[in-house]
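The values are calculated or read from the model by the stated rules, or taken from the named source; none is laboratory data. Predicted, not measured: the structure shown is a model, and the values here were computed from it. Note: ideal-geometry Cβ built from the backbone for every residue, glycine included; neighbour counts use all protein chains shown.
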Amino acid sequence: MKKVIFTVAILAISFASCNDKNKKEDHTGHDHKTEQTTTDANHHHVADTTESEGTAIKQSATLSPILNAYFEMKKALQEDNLESATKASEKLVTAIEVTQSLLKEDADKELLAKIETDAKELVAGDIKVKRAHFETLSHNLKALIQSVGSDRVVYQQYCPMYEQKGGMWLSDEKDLKNPLFGASMLKCGMTQETFNPEA
């Protein structure tokens, strides 16, 4: 019985922290590897203020068309816009086809093939299907960015509430806007990592 009460309490705390849209933390002047607001047992917000320069990655425009389409897709999903999400997923498939010949390493080509598989599923699915494939695609795109590089700063963001196991996505803006839930839980989540391109 104690385990059930403890589990319910933890779920309630997690849900409350994701639904508290009025409380904002000011981290001006800090670059954090993890910007996270959690809720302790007394329902107080506790901010993780671990300072970090982020993770350095190569400066590269190779993935630029893919990133442009991916971030367009993210925006459409966070706005619950099925039509725009479908158009963005079509652009993503085209961008992947254009980028294939630019990759030299076999491991990068394998990651791109996995991304392409999810991107094609994004074209036909409803918004829930799109979100599921977007989340899976995000993991492979993160790995590809770490290998190939980026032409912009990329933020890895995470929502612990997605599908009861948590879900990750990438963003080109620090401001948190959750594409896995859209308007229903737009601000639920945290920034886990920052990828900074360096020459």
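Which of the residues spanning the stretch 155-171 are at positive phi and of a type in the set (Gly, Ala, Ser)? Spell out the reasoning first.
Step one: list which residues in the stretch 155-171 are at positive phi, which gives 163-164, 166.
Passing the criteria: only 166.
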> In this structure, does residue 157 turn out to be out of contact with any helix residue (DSSP H, G or I) (no Cβ under 6 Å at 6 or more places or on another chain), within 21 Å of residue 61 (Cβ to Cβ) and of a type in the set (S, T, N, Q)?
Replying inline: no
>> If I ask for residues that are in contact (Cβ under 8 Å) with a residue 60 or more places away in the chain, polar (S, T, N, Q) and part of a helix (DSSP H, G or I), which ones from the stretch 139-153 would you list?
In response: 146
>> Residues that are modelled with pLDDT under 95, at least 3 per element: which strands (runs of 3 or more DSSP E) completely within the stretch 1-116 meet that?
In response: 36-39, 45-48
> How do the pairs read when you match residues in the stretch 94-121 that are under 16 Å from residue 138 (Cβ atoms) and without any contact (Cβ under 8 Å) to a residue 24 or more places away in the chain with residues anywhere that are of a type in the set (A, V, I, L, M) and in a helix (DSSP H, G or I), using Cβ under 6 Å and keeping only pairs 6 or more apart or on different chains?
Replying inline: 116/96; 118/137
>> Among (1) touching a strand residue (DSSP E or B) at 6+ places or on another chain (Cβ under 6 Å); (2) at pLDDT below 95, there is one condition residue 159 misses while meeting the rest; what is its number?
In response: (2)
> With respect to residue 84, is the statement that it is farther than 20 Å from residue 149 by Cα, surrounded by fewer than 20 Cβ atoms within 10 Å (Cβ to Cβ) and of a type in the set (Ser, Thr, Tyr) true?
Replying inline: yes
> So how many residues does the stretch 154-178 have that are outside any strand (DSSP E or B) and within 16 Å of residue 66 (Cβ to Cβ)?
Replying inline: 1
>> Please go through the stretch 179-193 and give me each residue that is touching a strand residue (DSSP E or B) at 6+ places or on another chain (Cβ under 9 Å) and assigned to a loop (DSSP other than H, G, I, E, B), ordered by number.
In response: 179, 180, 181, 188, 189
